[in-house]
1. What about Ala122, is it hydrophobic (A, V, I, L, M, F, W, C) and under 25 Å from Leu179 (Cα atoms)?
2. Looking only at residues that are buried (at least 21 other Cβ atoms within 10 Å of the Cβ) and either among the β-branched types (Val, Ile, Thr) or modelled with pLDDT under 95 (or both) in segment 1-32, which one is farthest from the chain's Cα centre (by Cα)?
3. How many residues does segment 123-143 contain that are at pLDDT below 95 and under 29 Å from Thr24 (Cβ atoms)?
4. Just the residues that are surrounded by 13 or more Cβ atoms within 10 Å (Cβ to Cβ) and at pLDDT 95 or above, please, taken from segment 174-190.
5. Just a yes or no: is a residue in segment 119-142 surrounded by 13 or more Cβ atoms within 10 Å (Cβ to Cβ), closer than 30 Å to Asp40 by Cβ and out of contact with any helix residue (DSSP H, G or I) (no Cβ under 9 Å at 6 or more places or on another chain)?
6. Conditions: (1) touching a residue at least 40 places away in the same chain (Cβ under 8 Å); (2) within 21 Å of Val206 (Cβ to Cβ); (3) buried (at least 17 other Cβ atoms within 10 Å of the Cβ); (4) touching a strand residue (DSSP E or B) at 6+ places or on another chain (Cβ under 8 Å). Ile53 meets all but one. Number of the miss?
7. Which residues, taken from segment 177-212, are β-branched (Val, Ile, Thr) and assigned to a helix (DSSP H, G or I)?
8. Does Gly119 satisfy the condition of being free of Cβ contacts under 8 Å to residues at least 12 places away in the same chain and either under 18 Å from Tyr48 (Cα atoms) or among the small types (Gly, Ala, Ser) (or both)?
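The values are calculated or read from the model by the stated rules, or taken from the named source; none is laboratory data. Just so it is clear, the model here is predicted, and its values are computed rather than measured. Cβ coordinates were reconstructed from backbone atoms using ideal geometry, including for glycine residues, and neighbour counts include every protein chain displayed.
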Amino acid sequence: MKIALMNEFSQASKNGVILQQLETVAGELGHNVFNVGMSDDNDHRLTYIHLGIIASLLLNSKAVDFVVSGCGTGQGALMSLNAYPGVVCGYCIDPADAFLFAQINNGNALAIPFAKGFGWGAELNIRYMFEKAFTGEKGQGYPPERKQSQVQNAGILNSIKEAICKNYLDALQAVDQELVKTAVTGERFQSCFFENSQDQQLTDYVRSVLAA
């Protein structure tokens, strides 16, 4: 599995701690991690608005399989990511959230509060969340006997989102292109996206935005 981590400006200073825990868990499970957001306070400035654009490009192009995002409360990142087709983001504050989201909702992104409640032992909570999010088979239901209805409802919700959303590329082109350009200007994002994207239309679109 390819996992992208992205931090925005308000919590960029915590990127190193979060990245270390994610790489530890992912390495043990054989997953690859791409640190595509801000790495410190002096990095290319991103807001949670940009995180939604970045996550949607990476997931819809299949450049990555899963996105770990967040902001101070996690709520802004949650709303921003869920605004886009192809992104199913859950809110996660503890390992139980991560486990239940993986088993019941079977989404492809997490939004985590990196300021609220991020105190003593926070790195342990983050590590345990990642363990529950990425260990074992997803979508098995909880409790297991409710798997059938939970899988069915997750599928219905995804189909509703797909039905009411614009074509993804059309939607991106309708967004303020300066927002998109800021989102895709980061060197680590570009490296991850251009090396792994499986969608030529999206690849061409990002190149055109950067060239504008």
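1. In short, no.
2. Checked segment 1-32; the qualifying residue farthest from the chain's Cα centre (by Cα) is Val25.
3. Residues flagged as at pLDDT below 95 and under 29 Å from Thr24 (Cβ atoms) within segment 123-143 amount to 8.
4. Listed by number, the residues that qualify are Gln177, Leu179, Val180, Lys181, Thr182, Ala183, Val184, Thr185, Gly186, Arg188, Phe189, Gln190.
5. Taking every residue of segment 119-142 in turn, none turns out to be surrounded by 13 or more Cβ atoms within 10 Å (Cβ to Cβ), closer than 30 Å to Asp40 by Cβ and out of contact with any helix residue (DSSP H, G or I) (no Cβ under 9 Å at 6 or more places or on another chain).
6. Here Ile53 clears every test but (4).
7. Restricting attention to segment 177-212, the residues satisfying the condition of being β-branched (Val, Ile, Thr) are 180, 182, 184-185, 203, 206, 209.
Selection gives Val180, Thr182, Val184, Thr203, Val206, Val209.
8. Yes.
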